[in-house]
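This report concerns only the one structure given below.
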Amino acid sequence: MNWWKPLAALSVALVTFVAVGGLVGLAAAVLGSLAALAVVGLLVVAVLAASKWGSAPNRWLSTPYWGR
C-alpha cells in the first residue's frame, strides 16, 4: 500500500481547512471596516490592471521576421 497517499490527502485537507478559515476571518474583518474594504478594492484594481498590462503584446518584440 502506498502509505504516503492518505498522508498527502490529510495534508491537503488540513491546508485547505486553514486557508478557508483564514479567508473567512479576513472577509469578516474587511467587511467590518470601511478603510480595509477600500484597501482591498484598490488591491483588486491594481492586480487586474497589472494582469491586463502584462498580457498585452510587446510592440518592441513584434517584428515581421519572427512570424515565419
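Looking only at segment 1-29, which residues have a backbone nitrogen under 19 Å from a spot 7 Å from the Cα of V40 in the C-beta direction?
Flagged as within label range: 17-29.
Sort K52, K5 from largest to smallest accessible area, using a 1.4 Å probe on the heavy atoms of the protein chains.
Largest accessible area first, the list is K52, K5.
Rank these by accessible area, largest first, 1.4 Å probe: L31, L48.
Reading off the accessible areas and sorting them downward yields L31, L48.
Convert each backbone phi in segment 35-45 into a coupling constant with the Karplus relation 6.51 cos²θ - 1.76 cosθ + 1.60 (shift: θ = phi - 60°), then list the ³J(HN,Hα) values in order as whole Hz, x for Gly and Pro.
Here the 3J(HN,Hα) series is 5, 5, 5, 5, 5, 4, x, 5, 5, 5, 4 Hz.
With every protein chain in place, what's the accessible area of V45 (1.4 Å probe, Å², nearest 10)?
90
Residue by residue through segment 24-33, which ³J(HN,Hα) values in whole Hz follow from phi under the Karplus form 6.51 cos²θ - 1.76 cosθ + 1.60 (θ = phi - 60°), with glycine and proline marked x?
5, x, 5, 5, 5, 5, 5, 5, x, 10
Taking 0.36 nm per intervening residue step and subtracting the Cα-Cα distance, what contour gain separates F17 from S51 on full extension?
9.4 nm
The values are calculated or read from the model by the stated rules, or taken from the named source; none is laboratory data. Bear in mind that the values here come from a model prediction, so they are computed numbers and not experimental data. Counting neighbours? That spans all protein chains shown, and the Cβs are built from the backbone with ideal geometry, glycine included. Ligands, DNA and RNA are stripped out before the accessible areas are found, and what is left, the full protein with its side chains, is counted by its heavy atoms. Shrake-Rupley method; radii C 1.70, N 1.55, O 1.52, S 1.80 Å.
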